[in-house]
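> Let me begin by handing over the structure; questions about it come next.
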Amino acid sequence: MSKLPAQVNLVIAFSTRRHGDMSLYYGGISEALNNRRDFLSSLGIDYRDLVCARQIHGDRVRYATEEDKGSGANSYGGSIPDTDAFITDKKNVPIAVFTADCLSIFIYDPKTPSIGLVHAGWRSSKKKIVSKAISLMQAKFNTKPQDFYVGFGSSIRGCCCEVSSDFKSYFSDGLTEKNGRFYLDLAGLNKNELLTLGLKEENIFPPQDCTFCHNDAFFSYRKEGLACGRQMSVIMLK
Ligand SMILES: [Zn+2]
């Protein structure tokens, strides 16, 4: 594992069950706003600045700027529509995605500097959303693959994510077969996709614990159903 540069002007965090439900859509709004305020203030972020998306399991990547600050911070309806990833090179623009089993992917280029954050469920992973986020960062910020650092939020892993055999036609990577059943590892397949883009393996942090196995610590859609809470992934340049 290579070390991040000594001067990292970055805030990066992933909430857990302990921090409470962060969703303005799947839970109580006032409770979620309180949870967001507490979690983000501990990171030095004003929750009213948060940039959120109406995530649709698509592959649209949004370049977030100062004008987007506060989108979806107070109400779900104010979120940026039809978006599953953000990139930015602007300071003090906190970008967020919300997950409960889906994978979040944190991207950081210390040289430009610039950041990205991707909501990668299987549908978005099938559409190669992380490649699209990386290529938009390259186009807009002139970043180079060898300069990127990447980390993952906790997600459901190959131990628990059983899928139908149709997935064999969706993914050439990330599937394992056990006793005739198929299991998908979102973190593993996205990591391999990043390696094919030219990112350095030592700059990619290892994937995190499985949300289904560790349901005591994380909300899990597969374990608890659609109305379970959501974890927040957040990243901001300082
Ligand atoms: Zn598991």
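> Considering Arg157, Arg181, which residue is within 16 Å of the ligand (Cβ to nearest atom), without any contact (Cβ under 8 Å) to a residue 24 or more places away in the chain and of a type in the set (Lys, Arg)?
None of the others qualify; the one that does is Arg181.
> Then there is this: Please specify each residue of segment 161-177 satisfying the condition of being within 16 Å of the ligand (Cβ to nearest atom) and out of contact with any Asp or Glu (no Cβ under 9 Å at 6 or more places or on another chain).
If the condition is that a residue be within 16 Å of the ligand (Cβ to nearest atom) and out of contact with any Asp or Glu (no Cβ under 9 Å at 6 or more places or on another chain), then Glu162, Val163 are the ones that fit.
> Select from segment 12-27 the residues that are modelled with pLDDT under 95 and hydroxyl-bearing (Ser, Thr, Tyr) and write down the one among them that is nearest to Leu226 (Cα to Cα).
Result: Tyr26.
> For residues in segment 60-85 being under 13 Å from the mean Cα position of the chain (by Cα) and in contact (Cβ under 8 Å) with a residue 40 or more places away in the chain, which is surrounded by the fewest Cβ atoms within 10 Å (Cβ to Cβ)?
Going through the qualifying residues, I end up with Val61.
> Would it be correct to say that Asp101 is surrounded by fewer than 21 Cβ atoms within 10 Å (Cβ to Cβ) and touching a Ser or Thr at 6+ places or on another chain (Cβ under 6 Å)?
no
> Being in contact (Cβ under 8 Å) with a residue 60 or more places away in the chain and within 16 Å of the ligand (Cβ to nearest atom), is that true of even one residue in segment 136-147?
no
> Give the residues of segment 193-213 that are away from the ligand (no atom under 16 Å from the Cβ), crowded, with 19+ Cβ neighbours inside 10 Å and in a loop (DSSP other than H, G, I, E, B), sorted by residue number.
Within segment 193-213, just Leu199 meets the criteria.
> Looking at segment 112-119, can you tell me whether even one residue there is surrounded by fewer than 20 Cβ atoms within 10 Å (Cβ to Cβ) and among the small types (Gly, Ala, Ser)?
no
The values are calculated or read from the model by the stated rules, or taken from the named source; none is laboratory data. No experiment lies behind these values; they were computed from the predicted model shown. When we count neighbours, we look across all protein chains shown, and the Cβ atoms used for this are built from the backbone with ideal geometry, even at glycine.
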